[in-house]
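Asker: I'd like to ask some things about the structure below.
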Amino acid sequence: MPNVLVIGSSNLDLTVRLDRLPVVGETVSGGEFYQSFGGKGANQAVAARRAGADVLFVTKVGADANGEVIARHLVEQGIPAVGLRQDRRAPTGVALIVVDTHGRNMIAVAPGSNRLLTAEEIREHALAFEEAKVLLVQLEVPLAAVTQALTLAKAKGMTTILNPAPAQSLPDRLLKLVDIVTPNETEATVLTGQAVREAAARDLLARGVREVVVTLGEQGALWTNAAGMKAILPFKATPVDSTAAGDAFNGALAAALAEGRSLDRALRFASAAGALAVTKRGAQESMPGRREIEAVLDRVI
């Protein structure tokens, strides 16, 4: 029985590691290539699973070799295949990633079959909304599917988390369905039109979100609610690849909340997971296990 329900994208990641990132129109050679599994939905589902949650992941891949590889991989990660759908109308999503030696990255995504996930297909998993405690969604699948998931989750009393990536303007009717929103600084600005993080957080609260967590990378996070603002201090880490740090944070946050931790403690747990993720290459490969996260927390208590 799942306690975390994740709805989102699945991609195959094609990554080149370079000494530095290219500028527009420039070719930089001498890089190292590797292939891995990605997509914000899949990354966060794997992150939640490794952090200790029982996860159901609803996603869509193409009826192709890449889709089969992703399906096998998810099962190997302990995520049941019941939520995975195949569609012949589009190929499995692909992400092209360039990472430099400082862990900074540039990402371009061809979403493919991720664009075809429907609200009706979300409704077909109604039982999961009865069982799970936390819903985690992003914006790499159609907004209609995201809205349907949030609507069902709120009706069942689940805690809803929206990681608003990739950033886009969202209607207030959707934001009112969100308990916790987790944008980075850029996403917070796109959501609100406010360039200052504190102003962006207050804007999101005014539009109906209960808790706003603006992630700040190596600076930690800013947590805002009706009671005020609190800085979530970062954990020290030597960055290798920051590609999926945010996904590690969100997946671990969902797992921690599903097991009954307070939001304050869950955010510390998530921050530790994000810090660990940047120390390894790849997306899902970098997701830390529960014991690793707890060990980091134990060292700072």
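Asker: Given the criteria of a type in the set (Gly, Ala, Ser) and in contact (Cβ under 8 Å) with a residue 40 or more places away in the chain, does Ala132 qualify?
Answerer: yes
Asker: Filter segment 78-90 down to the residues that are surrounded by fewer than 19 Cβ atoms within 10 Å (Cβ to Cβ) and in a loop (DSSP other than H, G, I, E, B) and list them by number.
Answerer: Scanning segment 78-90 gives Gly78, Pro80, Arg88, Arg89, Ala90.
Asker: Which numbered condition in (1) over 20 Å from the mean Cα position of the chain (by Cα); (2) in contact (Cβ under 8 Å) with a residue 24 or more places away in the chain is the only one that Glu124 fails?
Answerer: (2)
Asker: Please specify each residue of segment 60-81 satisfying the condition of being touching a residue at least 60 places away in the same chain (Cβ under 8 Å), closer than 21 Å to Ala108 by Cα and not basic (Lys, Arg).
Answerer: Ile70 - this is the single residue of segment 60-81 that is touching a residue at least 60 places away in the same chain (Cβ under 8 Å), closer than 21 Å to Ala108 by Cα and not basic (Lys, Arg).
Asker: Return the only residue of Val69, Val61, Val99 being over 17 Å from the mean Cα position of the chain (by Cα) and under 18 Å from His125 (Cβ atoms).
Answerer: Checking each option against the conditions leaves just Val61.
Asker: Within segment 213-236, take every residue that is touching a residue at least 40 places away in the same chain (Cβ under 8 Å) and in contact with a Leu (Cβ under 7 Å, 6 or more places away or on another chain) and give me the one that is farthest from Leu175 (Cα to Cα).
Answerer: Filtering first and then ranking leaves Gly220.
Asker: Which residues, counting only those in segment 47-93, are in contact with a Gly (Cβ under 7 Å, 6 or more places away or on another chain) and under 19 Å from Lys280 (Cβ atoms)?
Answerer: Ala47, Ala48, Arg49, Arg50, Ala51 - these are the residues of segment 47-93 that are in contact with a Gly (Cβ under 7 Å, 6 or more places away or on another chain) and under 19 Å from Lys280 (Cβ atoms).
Asker: Looking at segment 187-200, which of the residues that are over 19 Å from the mean Cα position of the chain (by Cα), small (Gly, Ala, Ser) and modelled with pLDDT of 95 or more is surrounded by the fewest Cβ atoms within 10 Å (Cβ to Cβ)?
Answerer: Per the stated criteria, the residue is Gly193.
Asker: Something else about it: Considering segment 41-65 alone, what residues qualify as being closer than 18 Å to Val141 by Cα and either modelled with pLDDT under 95 or surrounded by fewer than 24 Cβ atoms within 10 Å (Cβ to Cβ) (or both)?
Answerer: Answer for segment 41-65, where residues must be closer than 18 Å to Val141 by Cα and either modelled with pLDDT under 95 or surrounded by fewer than 24 Cβ atoms within 10 Å (Cβ to Cβ) (or both): Leu56, Gly62, Ala63.
The rows are residues; the columns are (1) in a helix (DSSP H, G or I); (2) out of contact with any Asp or Glu (no Cβ under 6 Å at 6 or more places or on another chain); (3) farther than 30 Å from Pro22 by Cα; (4) among the charged types (D, E, K, R).
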position	(1), (2), (3), (4)
Val94	no, yes, no, no
Arg115	yes, yes, no, yes
Glu121	yes, yes, yes, yes
Phe129	yes, yes, yes, no
Leu135	no, yes, yes, no
Leu152	yes, yes, yes, no
Gln168	no, yes, no, no
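Asker: Related question: Which of the residues belonging to segment 137-162 are surrounded by 22 or more Cβ atoms within 10 Å (Cβ to Cβ) and more than 14 Å from Leu5 (Cβ to Cβ)?
Answerer: If the condition is that a residue be surrounded by 22 or more Cβ atoms within 10 Å (Cβ to Cβ) and more than 14 Å from Leu5 (Cβ to Cβ), then Glu140 is the only one that fits.
To keep it simple, each residue is scored yes or no on (1) at pLDDT 90 or above; (2) under 14 Å from Gly246 (Cα atoms); (3) surrounded by 17 or more Cβ atoms within 10 Å (Cβ to Cβ); (4) in contact with a Ser or Thr (Cβ under 7 Å, 6 or more places away or on another chain).
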residue: Ala266; (1), (2), (3), (4): yes, no, yes, no
residue: Gly274; (1), (2), (3), (4): yes, yes, yes, no
residue: Val278; (1), (2), (3), (4): yes, yes, yes, yes
residue: Val300; (1), (2), (3), (4): no, no, no, no
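For (1) among the charged types (D, E, K, R); (2) assigned to a loop (DSSP other than H, G, I, E, B), each residue gets a yes or a no:
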| site | (1), (2) |
| --- | --- |
| Leu222 | no, no |
| Lys230 | yes, no |
| Phe235 | no, yes |
| Ala255 | no, no |
| Asp264 | yes, no |
| Leu267 | no, no |
| Ala273 | no, no |
| Leu276 | no, no |
| Arg281 | yes, yes |
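The values are calculated or read from the model by the stated rules, or taken from the named source; none is laboratory data. This one's a predicted model, so the numbers in the text were calculated from it and none came from an experiment. Virtual Cβ from ideal backbone geometry, glycine too; neighbours counted across all protein chains shown.
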